[in-house]
Amino acid sequence: MIGRRPYLLYGAMAAGYAFLYLPIAALIVYSFNASRLVTVWAGFSTRWYVELAENTRMLEAAGLSLRIAAFSASLALVLGTLAGFILARFGRFPGRLLFTGMVSAPLVIPEVISGLALLLLFVGLEQLVGWPAERGMTTIVLSHTTFCLAFVAVIVQSRLTGMDRACEEAALDLGARPAKVFCVITLPIIAPALLAAWLLAFTLSLDDLVISSFVSGPGASTLPMLVFSSVRLGVSPQINALATIIIAIVALGIVLAYALTQRQARARRRAIAAAAPA
């Protein structure tokens with residue numbers, strides 16, 4: 001039926017893409033609106049980008065969110081890669097079910113419960129050992145790492161499960177140590193998956209509002225928290241301008257990641273072709 005009527009498939013695809021991307025396109029267009037009302041077009045203008053550049057509070061919140069997202073994604077990548085490797089390669093071991101449940105718990109636990117649990121944890125630690133002395137960037141990074149780790153572990157585990165282990169086994173047969181095999185062979189092969197996992201963790205951390213609201217303190221307002229508090233008083237066109245800049249940065253990162261992945265794939269194909277017998 002689909003083969004006879006491809007326009008149904010194309011129509012469904014067009015409707016799906018329109019549903020996803022038309023709101024983003026509208027946001028970008030209205031970021032160049034001269035009117036203070038975000039729903040009334042009054043001509044092309046870049047005044048909101050100029051005002052955004054002078055809005056110190058919003059820029060500081062954006063910088064804090066980017067730093068938190070970068071640190072959280074990096075920590076989650078390291079811990080999630082180790083967790084995914086254990087789940088994919090160590091088979092059945094005592095405590096595997098408990099370990100799997102602990103790694104996967106942030107995927108199914110509501111963020112409200114996670115945020116409250118982390119808040120109680122930090123308050124208890126402060127009373128017992130005096131750390132953390134205050135809630136701020138450190139507590140937010142630790143909290144974001146906790147729930148981003150689960151997403152990284154799932155991606156890495158799925159990539160390792162579907163990976164051909166012939167190269168690893170050949171290196172082990174030739175006398176290479178497991179640690180060297182992991183660093184020299186396994187990591188380069190799963191590098192695209194690691195990059196995708198880092199980008200996903202970065203996006204999740206940058207977008208988080210609920211958990212950050214629980215574990216943040218005075219002077220540590222992230223960008224989603226600031227935007228949410230300002231939306232209550234009315235949407236400012238500066239938010240549209242800031243969102244457009246973030247979309248451009250994310251799009252650039254995706255393009256660079258895709259280009260790097262394709263470059264590695266071409267290099268791998270050339271290496272295989274060069275190693276193949278004539």
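What follows draws every value from the coordinates through simple rules; no lab data is involved. Just so it is clear, the structure is predicted and the values come from calculations on it, not from any experiment. Don't worry about glycine lacking a Cβ; one is built from the backbone with ideal geometry, like all the others, and counts go over all protein chains shown.
Rounded if a/c is under 1.5, else prolate if a/b beats b/c, else oblate: with a ≥ b ≥ c from the C-alpha gyration tensor eigenvalues square-rooted, which is segment 198-269? Cα axes put segment 198-269 in the oblate bin. Within the shell of other residues whose beta carbon sits under 12 angstrom from the beta carbon of PHE147, the net charge comes to -3, with Lys and Arg scored +1 and Asp and Glu -1. The charge dipole of segment 56-275, taken about its Cα centre with unit charges on the Cβ of Lys, Arg, Asp and Glu (plus for the first two, minus for the last two), comes to roughly 720 debye. Classify segment 161-244 from the C-alpha gyration tensor, please: rounded if a/c falls under 1.5, else prolate or oblate depending on whether a/b exceeds b/c. Judged from the Cα gyration tensor, segment 161-244 comes out prolate (a/c at least 1.5, a/b above b/c). Note on the chain: with a GNM built from Cα contacts shorter than 10 Å, the maximum mean-square fluctuation among THR56, THR222, THR145 falls on THR56.
Over all directions, average the projected area of the Cα convex hull of the chain and note it in nm².
Working: hull surface 91.9 nm².
Here the figure is 23.0 nm², rounded to one decimal.
The angle between the Cα long axis of helix 56-89 and the longest principal axis of the Cα atoms of the chain comes to about 20 degrees, rounded to the nearest 10.
If you find the alpha carbon centre of segment 214-267 and of segment 107-123, how far apart are they in angstrom? Rounded to whole Å, the Cα centres lie 24 Å apart. Let me check I've understood the local charge: for ILE239, count other residues with C-beta under 13 angstrom from its C-beta, Lys and Arg +1, Asp and Glu -1. What total comes out? Net charge around ILE239: +2.
With +1 on each Lys and Arg Cβ and -1 on each Asp and Glu Cβ, and nothing else charged, work out how big the dipole of segment 34-100 is about its Cα centre, in Debye to the nearest 20.
Roughly 400 debye, rounded to the nearest 20.
Projecting the Cα positions of GLY175, ILE185, VAL129 onto the charge dipole of segment 127-228 (unit charges on Cβ atoms of Lys, Arg, Asp and Glu, taken about the Cα centre) puts VAL129 furthest along the positive direction. Among ALA76, ALA14, ALA197, the largest mean-square fluctuation in a Gaussian network model of the chain (Cα springs under 10 Å) belongs to ALA14.
Overall form of segment 1-90: oblate. Here a/c, set by the Cα gyration tensor axes a ≥ b ≥ c, is 1.5 or more, and a/b is not larger than b/c. Near THR186: Cβ cut-off under 11 Å, other residues only, Lys/Arg at +1 and Asp/Glu at -1. The net charge is +3. The C-alpha atoms of the chain define a longest principal axis, and helix 96-108 lies at about 20 degrees to it. Measuring nothing but how far apart in sequence close Cα pairs (under 8 Å, 6+ apart) lie, relative to its length, the chain scores a relative contact order of 30 percent.
With the charge dipole of segment 38-129 set up from +1 on Lys and Arg Cβ and -1 on Asp and Glu Cβ about the Cα centre, the Cα lying farthest toward the positive end among the listed residues ALA69, LEU98, LEU79 is that of LEU98. For the chain, find the longest principal axis of its Cα atoms and tell me its angle to the long axis of helix 237-275, 0 to 90°, nearest 10. Orientation of helix 237-275: about 20 degrees from the principal axis. Each of ASP207, ASP164 has some number of other Cβ atoms within 10 Å of its Cβ, and from fewest to most they run ASP164, ASP207.
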